[in-house]
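Down below is the structure, laid out as structure tokens.
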Amino acid sequence: RPVKPTHTIGWSPRALVGTPYQRATLPWPCGFGMTLDEIRYFGTPEGQALLREAARSQDNEIRLLERLRRAYPHDMCRAAVGLAQLRNRGKGKFSLAGDMVFDREGLEQATGDVIARHRARRYAGFGWIADLCCGIGGDTTALSAVGEVVAVDLDPARVAMARWNTSVHAAPHRVRGV
């Protein structure tokens, strides 16, 4: 007669309902923290100015937000302050973290510069390379140095982050986002 297993290999998204991980099972937004609108805004001259102010401020977060909201859109101020904090944290993984865009989850899961470059060397000479589940583009950036890359992710904001981060490293023409 069949034996009932004590452990199961698979899992059900229903098991996450009511937990902090519940949002991870939803298809949009996967990156919870950085939206396409925020990424587009940060690419404008006004958005760049906001990011510079958020990065160089020594104020505590509340005072900084109060000051920034006098001159910039309220919803973008919170995102800029959060990105400034993540850029500081990202310096351990990325040499150009101060110019990159991330969300918390993407930064935590991303492959850093050194490891990504090491991995990318294996793909030199392959021509087109697919980076499936590209996230914020840690591997995408390194792969673009050795070939043309198709960056794929379920979350369009993550693809936009990968393209931005690749442009920081001077190879955006070698990446196509899907």
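Within 14 Å, Cβ to Cβ, of Arg122, how many net charges do the neighbouring residues add up to if Lys/Arg are +1 and Asp/Glu are -1? It would help to have the intermediate numbers written out before the result.
Details: positive: Arg117, Arg119, Arg121; negative: Asp131, Asp139.
Around Arg122, the surrounding residues sum to +1.
At 0.36 nm per residue, minus the direct Cα-Cα distance, what do Gln58 and Leu132 gain on full extension? Give it in nm, one decimal, please. All intermediate terms of the calculation are to be shown ahead of the outcome.
Details: separation 74, 0.36 × 74 = 26.64 nm, distance 3.88 nm.
That works out to 22.8 nm of additional length.
Expected output is a single nm value to one decimal: the length gained when fully extending between Arg69 and Val114, i.e. 0.36 nm times separation in residues minus the C-alpha distance. What is it?
Numbers: separation 45, 0.36 × 45 = 16.20 nm, distance 3.76 nm.
In short, 12.4 nm is gained.
With a 10 Å radius around each residue's Cβ, average the other Cβ atoms per peptide and rank 121-133, 37-49, 152-164, 71-83, highest first.
152-164, 71-83, 37-49, 121-133
Could you pull out every residue, at least 5 positions away or on a different chain, whose amide H is within less than 5 Å of the one on Val149? Hs are placed 1.01 Å off N in the peptide plane, and Pro or chain starts have none.
Residues meeting the criterion, in which the H sits 1.01 Å from N, are Ile129, Val175, Arg176.
Mind ordering 101-107, 60-66 by average Cβ neighbours within 10 Å, highest first?
101-107, 60-66
All of the numbers you see were taken from the coordinates with simple rules; none came from a lab. This is a predicted model, so every value here is computed, not measured. Backbone-built Cβ (ideal geometry, glycine too); neighbour counts: all protein chains shown.
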